[in-house]
1. Can you tell me which residues in the range 5-28 are assigned to a loop (DSSP other than H, G, I, E, B) and either free of Cβ contacts under 8 Å to residues at least 24 places away in the same chain or in contact with a Leu (Cβ under 7 Å, 6 or more places away or on another chain) (or both)?
2. Please state which one of V103, V39, V66 is without any contact (Cβ under 8 Å) to a residue 40 or more places away in the chain and closer than 25 Å to A4 by Cα.
3. Of all residues in the range 124-157, which are farther than 22 Å from P45 by Cβ and surrounded by 13 or more Cβ atoms within 10 Å (Cβ to Cβ)?
4. Looking at the structure I just gave you, is R68 among the charged types (D, E, K, R), surrounded by fewer than 18 Cβ atoms within 10 Å (Cβ to Cβ), over 21 Å from H138 (Cα atoms) and touching a strand residue (DSSP E or B) at 6+ places or on another chain (Cβ under 8 Å)?
5. Assess whether A108 counts as being crowded, with 17+ Cβ neighbours inside 10 Å and on the phi < 0 side of the Ramachandran plot.
6. When you check H33 against the structure, is it outside any strand (DSSP E or B) and under 15 Å from G147 (Cα atoms), yes or no?
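We did not get these values from a lab; they are worked out from the coordinates using the rules stated. What you see is a predicted model; the values in this text were computed from it and never measured. FYI the Cβ positions are ideal-geometry reconstructions off the backbone, even for glycines, and counts take in every protein chain you see.
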Amino acid sequence: MSNALTVTAPEGLPFVDFEREFDAPVAAVFEAHRDPALVAQWMGPNGYEADMQEWDFRSGGAWAYVHRDPSGNEFGFRGTFHTIRENELAIQTFEFLGAPDMVSIETAEFIDLGDGRTRIRGHAVYPSVEVRDAIVEHGMETGMREGYERLEGLVAA
C-alpha cells in the first residue's frame, strides 16, 4: 500500500507520533472520524467488531466503545473529546479499561494536501514511558495500520 502508516516511539520519552496519508479529501476523512457508524467499520484490528456505546464527536463530548475479538473477548475504551475543529483537528483523551487510570491525550491533525488527498498527523502522550511501551508492545501499531487500511477503503469509495 502506498499510504503506509509511520509510527515513531522515541526511546525514553512518553509519547508516540504517527502519520498516514489517504487518497481522499479531508472532509471525507474527517467525517469518517465523526460518524459513529463509519468509525465502527474501520476502528481497530482486522477481525474485531466495534460496539459504539457513545460517540459525541464535538468539543466537550464523550466516547466509549467495546472491541470484540473473533473469540468473543471484549476490550473497552473510553475518553472525552477536548477540542474538535471541523476538517482540521481532534484532541481527545484515551483510556483502555483493561488498564484504568492510564489515560493518554491524543491530537490528530487533518491536513489537506490538495488533489483530494489528506494526511493525518498524530501525537499521543502517556503518563509514563512504561505505559507508552506497554501500549506499543500490545499491538497499537498493528491495530492502527489495519484500521487505517479499512478507513482508506471507506473514504476512497
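1. From the range 5-28, those assigned to a loop (DSSP other than H, G, I, E, B) are 5, 9-14, 23-25; that's our starting set.
Across the range 5-28, the qualifying residues are P10, E11.
2. Details: V103 fails: closer than 25 Å to A4 by Cα; V66 fails: closer than 25 Å to A4 by Cα.
Criteria check complete, one pass: V39.
3. Pass one, the range 124-157, residues farther than 22 Å from P45 by Cβ: 125, 127-130.
V125, P127, V129, listed by residue number.
4. Details: among the charged types (D, E, K, R): yes; surrounded by fewer than 18 Cβ atoms within 10 Å (Cβ to Cβ): yes; over 21 Å from H138 (Cα atoms): no; touching a strand residue (DSSP E or B) at 6+ places or on another chain (Cβ under 8 Å): yes.
So R68 fails the test.
5. On the way: crowded, with 17+ Cβ neighbours inside 10 Å: yes; on the phi < 0 side of the Ramachandran plot: yes.
Answer is yes for this residue.
6. Numbers: outside any strand (DSSP E or B): yes; under 15 Å from G147 (Cα atoms): yes.
So H33 fits the description; yes.
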